[in-house]
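First up is the structure itself, then whatever we jot down about it.
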Amino acid sequence: MLPPKAYVIGTLVVFMLYIVGFCIQNTELIFLSKQEQTIHWSQKVTEKTIELEHCERKLLLNSGKKRKMGLNVLTPWLAPIIWDGIYDIKILDNQHNGTRIGLFVFAVKKYIRFLRPFLESAERYFMVGHKVTYYVFTEKVNEVVKPKVADGRILQIHNVVADQRWQDVSMRRMEALTIFTKEHMPNEIDYLLCADVDMVFNDHVGVEILGDLVATLHPGFFLSEPESFPYERRPISAAYIPYEHGDFYYMAALYGGKVEEIYKLSVACQKGIMEDKKNYIEAVWQEESHLNRYLLYNKPTKILSPEYLWDANLTNGEFIKKKRFLAVQKDHQEVRN
Ligand code: 4GW
Ligand code: MN
């Protein structure tokens, strides 16, 4: 029998040993600073949100006969598809410290009206905090009211011919790209994004979209089967894609990449456009058809989800939580040249 005093001391020693053991096992809880703990927990919350959003998308998918591939975060060739929450913008911003980014846009004839809201919204949401050069093309160089741009951002306005046919205006962009990606841009920027002007930035669009060759899923076809993609199907066109081919349908309203990649892309598309002209044919969706043909055989290294191209008139909006780049509603008859 131990005397009662020794019994109490023994119990205390065992208890203290238990406390020490607990501390050794849980050092991260004890030694993490308050700030680190906050990051730790906020990361957990983000992870849960992504998980939930992913489940939600899957559930929505099960409700109908829809193709899943456009909702994935990876393509079969292992290029990421960018959705909200799959990246940490702080890490990416650090990686892109000093990166120079171009934004190429045509505003010809009546489309000049879209330029101001486009640029103003870009100042608010596009690559904020990074070096940006806007390359604006118009036939009304002297009429452009230049909005104020933030430090580190440059606005260049270039003259371009205004084609009579709107199809030619839209296709002329490829020609301008072949020239600028060869002659001017290599010394001025690292990455280039090419965009439609009848759009506004509506939420963050940052360096997460940069990559060697980047294309955006067309918001009208991201859940469709390749057979129903509006590729050019006539073998006589240089943009021809046979029915049994194709993984995604990309929209020409936002794509980009390293300057030399966009040089190669625009040269190939421009060549296809000129070949078609020689044969008295025009691809069903003009340069978008040629772009899709190029990207089928030269796979993009990064793909943007329809968060980066949305139009309020479309169905399936419930899959898209953040609508970052939105089509401006326009009266098609009224903007016709
Ligand atoms: C119909 O009458 C037109 S006009 C179709 C395009 C036109 C047009 C297009 C134009 O008169 N001026 C112009 O600068 N564009 C450029 O081409 C502009 O950057 C525009 O965003 C891009 C593609 O045309 P879009 O936006 O009308 O194409 P969708 O209908 O696919 O958004
Ligand atoms: Mn457009």
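The values are calculated or read from the model by the stated rules, or taken from the named source; none is laboratory data. What you are looking at is a predicted structure, and each value in this text was computed from that prediction instead of being measured. Reconstructed Cβ throughout: ideal geometry from the backbone, glycine too, with neighbour counts over all protein chains shown.
Scanning the range 246-268 for residues that are within 16 Å of ligand 2 (Cβ to nearest atom) and basic (Lys, Arg) yields a total of 0. Kindly establish whether ILE157 is of a type in the set (A, V, I, L, M), under 20 Å from HIS184 (Cβ atoms), out of contact with any Asp or Glu (no Cβ under 8 Å at 6 or more places or on another chain) and in a strand (DSSP E or B). When the stated conditions are applied, ILE157 passes them. Of all the residues in the range 186-201, those that are more than 16 Å from ligand 1 (Cβ to nearest atom), farther than 14 Å from THR99 by Cβ and touching a residue at least 12 places away in the same chain (Cβ under 8 Å) number 1.
Of the residues making up the range 173-229, those that are under 17 Å from VAL136 (Cα atoms), within 16 Å of ligand 2 (Cβ to nearest atom) and touching an Asp or Glu at 6+ places or on another chain (Cβ under 8 Å) are ARG173, MET174. Only residues that are in contact with a Lys or Arg (Cβ under 9 Å, 6 or more places away or on another chain), part of a strand (DSSP E or B) and β-branched (Val, Ile, Thr): list them for the range 160-201, please. Of everything in the range 160-201, nothing turns out to be in contact with a Lys or Arg (Cβ under 9 Å, 6 or more places away or on another chain), part of a strand (DSSP E or B) and β-branched (Val, Ile, Thr).
Yes or no, residue by residue, for (1) touching a helix residue (DSSP H, G or I) at 6+ places or on another chain (Cβ under 9 Å); (2) farther than 21 Å from ARG324 by Cα; (3) modelled with pLDDT of 95 or more; (4) loosely packed, with under 15 Cβ neighbours inside 10 Å:
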{"position": "LYS65", "(1), (2), (3), (4)": "no, yes, no, yes"}
{"position": "TRP77", "(1), (2), (3), (4)": "no, yes, yes, yes"}
{"position": "TRP83", "(1), (2), (3), (4)": "yes, no, yes, no"}
{"position": "PHE104", "(1), (2), (3), (4)": "yes, no, yes, no"}
{"position": "GLU123", "(1), (2), (3), (4)": "no, no, yes, no"}
{"position": "MET127", "(1), (2), (3), (4)": "yes, no, yes, no"}
{"position": "THR133", "(1), (2), (3), (4)": "yes, no, yes, no"}
{"position": "GLU143", "(1), (2), (3), (4)": "yes, yes, no, yes"}
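When GLU183 is tested against (1) more than 16 Å from ligand 1 (Cβ to nearest atom); (2) in contact (Cβ under 8 Å) with a residue 40 or more places away in the chain; (3) closer than 19 Å to VAL132 by Cα, just one condition goes unmet, and that condition is (2). So for the range 277-286 (the condition being surrounded by 23 or more Cβ atoms within 10 Å (Cβ to Cβ) and of a type outside the set (S, T, N, Q)), does at least one residue qualify? Yes, some residue in the range 277-286 is surrounded by 23 or more Cβ atoms within 10 Å (Cβ to Cβ) and of a type outside the set (S, T, N, Q). One residue alone among PHE325, PHE319 is within 14 Å of ligand 1 (Cβ to nearest atom) and closer than 30 Å to GLU120 by Cβ, and that residue is PHE325. Listed by first and then second residue, the pairs linking a residue in the range 267-284 that is free of Cβ contacts under 8 Å to residues at least 24 places away in the same chain and closer than 18 Å to TRP166 by Cβ to a residue that is assigned to a helix (DSSP H, G or I) and of a type in the set (A, V, I, L, M, F, W, C), with Cβ atoms under 8 Å apart and 6 or more places separating them unless they lie on different chains, form an empty list. Of the residues contained in the range 327-335, one or more are found to be modelled with pLDDT under 95 and among the β-branched types (Val, Ile, Thr).
Being within 12 Å of ligand 1 (Cβ to nearest atom) and surrounded by fewer than 23 Cβ atoms within 10 Å (Cβ to Cβ) is the filter here; which residues of the range 287-309 pass it? Of everything in the range 287-309, nothing turns out to be within 12 Å of ligand 1 (Cβ to nearest atom) and surrounded by fewer than 23 Cβ atoms within 10 Å (Cβ to Cβ).
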